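J.: Take a look at the following structure, please.
All of the numbers you see were taken from the coordinates with simple rules; none came from a lab. Here the structure is a predicted model, which is why all the values come from computation and not from measurement. With ideal geometry, Cβ positions are generated from the backbone for all residues, glycine too; neighbour counts draw on all protein chains shown.
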Amino acid sequence: MELRGTETRPLLTRGPSLGVRALLLCFLSILLMVLDHQQGTLANLRNGIAVAVYPVRFLVNLPFSVARWADDSLASREQLLNTNATLQRQLLHQNARLQKLAALEAENRSLRAMMQSSSEFADEVKVTEIISVALDPFQHRIVIDKGTLEGAYQGQALIDERGVMGQITRAEPFSSEAILISDPSHAIPVEVNRNGLRTIAVGSGDVERLTLPFLPNNADIEVGDLLVTSGLAGKFPAGYPVGVVVDVEIKPGEPFASITAKPTAALNQSRRMLMVWPSESPEPTFPETELQFEADAAVETGDGTADGQEDAGLPAAPEEPQ
């Protein structure tokens, strides 16, 4: 009896061919892309896949992250000290530059203020700078960097952006010595700006105080009155601020009141000031010309003898020997 082997059958029936499957997959892919582009159908699916894949990405990137962390954390102490020192030097340089900029800004403001104050008057001015200050506490004297080569002269007024500083006492070719109005030996003719009352302001030895010792008890002066230069002495041009009255004390038993004023100028702060040339200066007189005119007149009148020369103020001619 012939035995036949059992016939084997596939468990699943044979499906579409590979070409049909490829076409179906292409169509499905195109359909999904169109739907996702227009309606965002697969957005949630992508987010879910990204969440699922994140641990894998983290594990792949972990060695590189650990290497960078180790490189930053395990730097040598010398490198850190060098970096710190470099940053400290840069910080010091930057702070120094900032301080210089602040000083230049303050200098610019001061110069602008001085030029603005001087522009209110028609006087010619020139900026000068203090190069030395007297060490004697009882003498308020300074040395400036302008001399006769710059046009400075003895008695010339000095002002800052607030008011009168002092005047030049000795002019040299390259520098000049000046006295401040607070010096005890200095006096300046002033007038009360409110009513024109004239008096003299004398230095007290204190840069914050001037005295007005020659006003009687009944003088019309009040606290807060502004004192300005009167221009009567010929040294200081008229109209520049000198001080503000801060105290008026009436003394019934004495002829004069005790009056104190505070200088408007920053006598102990200003480093730069202005030299002032008055716009209207009196024409200089020449005594030699006047004497020569008188001598010529004496000759024309017949008195051209030694007596005539003596009357004109000229030395007499020597007598001829007998």
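J.: Can you give the FRET efficiency to the nearest 0.05 for His93 and Phe174, using r as the Cβ-Cβ distance and R₀ = 35 Å?
T.: The computed FRET efficiency comes out at 0.50.
J.: Here's another thing I want to ask about it. If you bin every alpha carbon distance in the range 184-238 into 5 Å steps from zero, what whole percent lands in each bin?
T.: Values per bin, smallest distances first: 5, 20, 28, 28, 17, 4.
J.: Three principal axis extents, largest first, for the C-alpha atoms of the range 31-86, in Å?
T.: Dimensions of the range 31-86 along the principal axes of its Cα atoms: 64, 24, 13 Å.
J.: Within 13 Å, Cβ to Cβ, of Arg272, how many net charges do the neighbouring residues add up to if Lys/Arg are +1 and Asp/Glu are -1?
T.: +1
J.: Would you kindly state how much longer the chain becomes between Ser73 and Ser132 on full extension, computed as 0.36 nm times their sequence separation minus their alpha carbon distance, in nm to one decimal?
T.: Full extension from Ser73 to Ser132 adds 15.5 nm.
J.: Net charge near Ala233, counting Lys/Arg +1 and Asp/Glu -1 over other residues with Cβ under 13 Å of its Cβ?
T.: It works out to a net charge of +1.
J.: Additional query: Residue separation times 0.36 nm, minus the C-alpha to C-alpha distance between Val60 and Ile250: what's the value?
T.: Contour length minus Cα-Cα distance gives 58.8 nm.
J.: Beta carbons within 10 angstrom, averaged per residue: use that to sort the peptides 22-28, 152-158, highest first.
T.: For the peptides 22-28, 152-158, the packing ranking is 152-158, 22-28.
J.: Within a Cβ distance under 15 Å of Thr169, other residues only, what is the Lys/Arg minus Asp/Glu net charge?
T.: Residues close to Thr169 contribute a combined charge of 0.
J.: Still on this structure, I have one more. What FRET efficiency, computed as 1/(1 + (r/R0)^6) with R0 = 35 Å and r the Cβ-Cβ distance, is obtained for Val223 and Ala113, rounded to the nearest 0.05?
T.: The formula returns an efficiency of 0.85 here.
J.: Given N residues in the range 115-222, what is Rg(Cα) / (2.2 N^0.38 Å)?
T.: Expressed relative to 2.2 N^0.38 Å, the Cα Rg reads 1.17.
J.: Per 0.36 nm of contour for each residue apart, how much would the distance between Gln154 and Ala43 grow if the chain were fully extended, relative to their Cα-Cα spacing?
T.: Taking 0.36 nm per residue and subtracting the Cα distance, the gain is 30.6 nm.
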